[in-house]
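Here the structure is laid out as structure tokens; the discussion comes afterwards.
The values are calculated or read from the model by the stated rules, or taken from the named source; none is laboratory data. Every value quoted in this text rests on a predicted model; they were computed, and no experiment measured them. For neighbour counting, all protein chains shown are included, and Cβ atoms are generated from backbone atoms with ideal geometry for every residue, glycine included.
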Amino acid sequence: MSVLHPVDWVVILAYFGIIAGIVAWVAKKQKKTSDSYFLAGRSLGWFVIGASIFASNIGSEHLVGLAASGATDGVAMAHYELHAWCLLVLGWVMVPFYMRSKVFTMPEFLERRFSPASRTVLSVISLVAYILTKIAVGIFAGGVVFSVLLPDVSFMGLDSFWIGSLLVVVVTGLYTVVGGMGAVAYTEAVQTVVLVVGSALVTVFGLHALGGWDVLRETVSSEMFNLWKPMVPAGVEGSWAPVQTAKEMAWYFNDNYPWLGMLVCAPVIGFWYWCTDQYIVQRTLTAKNETEARRGSIAAAFFKLLPVFIFIIPGIICYALALSGKMPSFAHLVGPDGAVVRDNAQQAFPLMVAHVLPVGIRGIVVAGLLAALMSSLAGAFNACATLFTIDFYGRFRKDVPQERLVWVGRAATAAMVLVGICWIPVIKGGRGLYDYLQGIQSYLAPPIFVVFFFGVFWKRLNAKGCLWALVTGFVLGVVRLAIDTPVKLSQGFSYPEGSFLWVMNHVFFQYYSMVILVASALVMVVVSYMTAAPDYARLGGLTFATQSEADKRATRASWKPVDVVLSVVVVVLIILAYLYFTG
């Protein structure tokens with residue numbers, strides 16, 4: 001039985017009507033060139049860029065996964081969400097290099113800095129990352145949402161989970177294929193407004209149903225509002241070691257988030273995702289100029305401060321409502337011991353939407369839910385199409401007509417959707433959607449972070465060092481994925497306790513990520529210094545040390561004092577959030 005009233009359906013249909021109108025408008029004015037299809041003709045302004053970055057980031061892993069994390073672990077995962085400062089690094093540090101290079105993709109930038117081989121390896125890693133994270137996760141979350149909102153729907157043997165998953169894919173794929181990057185960016189600007197307003201309403205009505213903020217703090221443990229306490233297991237405070245003695249293996253196999261892992265691993269993922277990932281950076285490449293690209297990054301940083309309050313807090317509210325007994329339909333979320341049942345926690349946000357919101361408002365928030373699911377998938381579809389078409393097909397098939405490149409991009413999108421659907425069972429076997437996502441990113445991000453940031457700041461590093469760093473890091477990540485996958489696919493499967501594979505499977509993902517980070521960095525530096533130095537004349541404008549005076553003057557002229565002030569405000573707001581959620 002549907003929890004949606006006819007008024008809610010009217011609101012949802014109106015939303016889809018607006019999206020369809022935007023796509024039709026973009027498709028009508030769009031030129032049939034790769035520049036127009038993949039980068040919206042490099043003509044977008046700062047607000048559309050900032051909103052597009054935010055909407056692409058705020059997808060299924062937040063609405064479903066981050067709210068579930070709030071219900072189970074409180075504000076612990078807010079560390080990842082308070083990485084808005086990484087967007088400032090994108091705008092102030094990396095954007096000048098990307099805009100000057102006039103590239104379509106991040107692998108293409110890596111080719112100019114290092115070599116074609118590095119570009120190919122990064123393209124492969126990026127495609128794997130998008131399929132395993134953005135596409136598969138988006139499809140999975142669409143199913144979770146529909147299974148709560150329309151639990152009794154079935155068709156040809158498919159339950160509401162699979163119907164919802166496939167419906168989200170088909171609708172999103174259609175407007176992405178038709179309109180390209182322009183349709184993605186403009187629809188995401190609208191979706192950002194709907195998403196923020198809708199999610200904020202969930203927090204407001206949720207607090208009203210519970211009795212207010214003070215009641216929330218009284219109902220749940222104070223540790224739910226402490227960013228740091230959940231990360232240090234009892235008995236090992238102050239320890240740096242991931243492994244001590246056999247009696248202290250809880251530190252090694254801890255279910256929480258150790259502070260050392262957060263201190264090192266979380267920022268690396270942040271730099272990779274916000275500053276080097278095609279999925280995000282592609283939006284800045286659509287800017288009219290460096291000024292608009294930077295301001296778009298700053299705007300996105302402001303938007304990025306919101307998820308703690310509009311996704312994590314609703315998850316905590318949902319837990320409090322279940323714990324207090326004020327919402328009987330939430331009772332299955334809590335076990336006999338009063339703790340959240342992790343397998344059910346992913347229903348937290350959809351349950352809040354279905355049972356806390358009034359008629360009409362519910363339709364707006366469901367539209368916001370769909371907006372997040374669709375924008376996340378749309379960005380992934382377009383990024384995949386761009387990577388495959390530009391970095392593979394376009395390189396090996398020279399002089400191909402522009403219309404053919406666009407067609408290949410559309411076909412590549414469809415193929416990757418099918419692979420993503422096949423990966424859903426692995427996600428369902430994990431500890432939770434957000435945990436799954438952070439784990440995958442932790443295995444794939446370190447080598448990419450190393451080659452981009454070391455490459456921009458350290459001109460002596462060469463193509464061989466970059467290539468071997470990428471290969472080493474990628475192999476280490478794939479090995480861990482290969483070990484973890486059988487355990488997640490089969491609930492009854494496990495490796496013999498104490499064996500090498502068992503130890504590898506149980507090493508906390510952030511510690512393993514740190515191993516990949518150190519290995520990639522060492523390989524890049526050692527190999528580079530064991531081989532010939534790069535041709536510095538070829539690196540003009542691609543590293544800090546090889547910028548011309550004209551480049552520096554152009555960058556300085558691209559920003560005004562207001563850009564600096566707004567960037568400082570972002571940092572201050574982040575500090576205030578950390579202070580509030582500490583102690």
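Within the bounds of the stretch 445-454, is there any residue that is touching a helix residue (DSSP H, G or I) at 6+ places or on another chain (Cβ under 8 Å) and over 25 Å from V93 (Cβ atoms)? If you could, list the steps in order and put the result at the bottom.
So the first thing to find is which residues in the stretch 445-454 are touching a helix residue (DSSP H, G or I) at 6+ places or on another chain (Cβ under 8 Å), and the list is 445-454.
Keeping just the survivors that are over 25 Å from V93 (Cβ atoms) gives none.
No: the stretch 445-454 contains no residue that is touching a helix residue (DSSP H, G or I) at 6+ places or on another chain (Cβ under 8 Å) and over 25 Å from V93 (Cβ atoms).
Which one of these does P496 not meet: (1) closer than 30 Å to I440 by Cα; (2) surrounded by fewer than 11 Cβ atoms within 10 Å (Cβ to Cβ); (3) at pLDDT below 85; (4) not basic (K, R)?
Of the numbered conditions (1) closer than 30 Å to I440 by Cα; (2) surrounded by fewer than 11 Cβ atoms within 10 Å (Cβ to Cβ); (3) at pLDDT below 85; (4) not basic (K, R), the odd one out for P496 is (3).
From (1) free of Cβ contacts under 8 Å to residues at least 24 places away in the same chain; (2) buried (at least 24 other Cβ atoms within 10 Å of the Cβ), pick out the condition that doesn't hold for C318.
For C318, the exception is condition (1).
In this structure, does S528 turn out to be among the polar types (S, T, N, Q), buried (at least 19 other Cβ atoms within 10 Å of the Cβ) and either touching a strand residue (DSSP E or B) at 6+ places or on another chain (Cβ under 6 Å) or under 23 Å from M77 (Cα atoms) (or both)? Explain how you work it out, then say what you get.
Values: among the polar types (S, T, N, Q): yes; buried (at least 19 other Cβ atoms within 10 Å of the Cβ): yes; either touching a strand residue (DSSP E or B) at 6+ places or on another chain (Cβ under 6 Å) or under 23 Å from M77 (Cα atoms) (or both): no.
Answer is no for this residue.
Looking at the structure I just gave you, is Q547 crowded, with 16+ Cβ neighbours inside 10 Å and touching a helix residue (DSSP H, G or I) at 6+ places or on another chain (Cβ under 7 Å)?
Here the answer is no, as Q547 does not meet what is asked.
Going residue by residue through the stretch 82-92, is there one that turns out to be part of a helix (DSSP H, G or I), modelled with pLDDT of 85 or more, over 19 Å from the mean Cα position of the chain (by Cα) and surrounded by fewer than 23 Cβ atoms within 10 Å (Cβ to Cβ)?
So far as the stretch 82-92 goes, yes, one or more of its residues are part of a helix (DSSP H, G or I), modelled with pLDDT of 85 or more, over 19 Å from the mean Cα position of the chain (by Cα) and surrounded by fewer than 23 Cβ atoms within 10 Å (Cβ to Cβ).
Could you tell me which of the residues I58, I49 is out of contact with any Phe, Trp or Tyr (no Cβ under 7 Å at 6 or more places or on another chain), modelled with pLDDT of 80 or more and of a type in the set (V, I, T)?
Going through I58, I49 in turn, just one is out of contact with any Phe, Trp or Tyr (no Cβ under 7 Å at 6 or more places or on another chain), modelled with pLDDT of 80 or more and of a type in the set (V, I, T): I49.
Looking only at the stretch 535-583, count every residue that is in a helix (DSSP H, G or I) and either in contact with a Leu (Cβ under 7 Å, 6 or more places away or on another chain) or more than 30 Å from W213 (Cβ to Cβ) (or both) and tell me the total. Steps first, answer last, please.
First pass over the stretch 535-583, keeping only residues in a helix (DSSP H, G or I): 536-539, 544-546, 549-557, 561-580.
Subsequent filtering for residues that are either in contact with a Leu (Cβ under 7 Å, 6 or more places away or on another chain) or more than 30 Å from W213 (Cβ to Cβ) (or both) retains 536-539, 544-546, 549-557, 561-565, 567, 570, 573-574, 577-578.
The total comes to 27.
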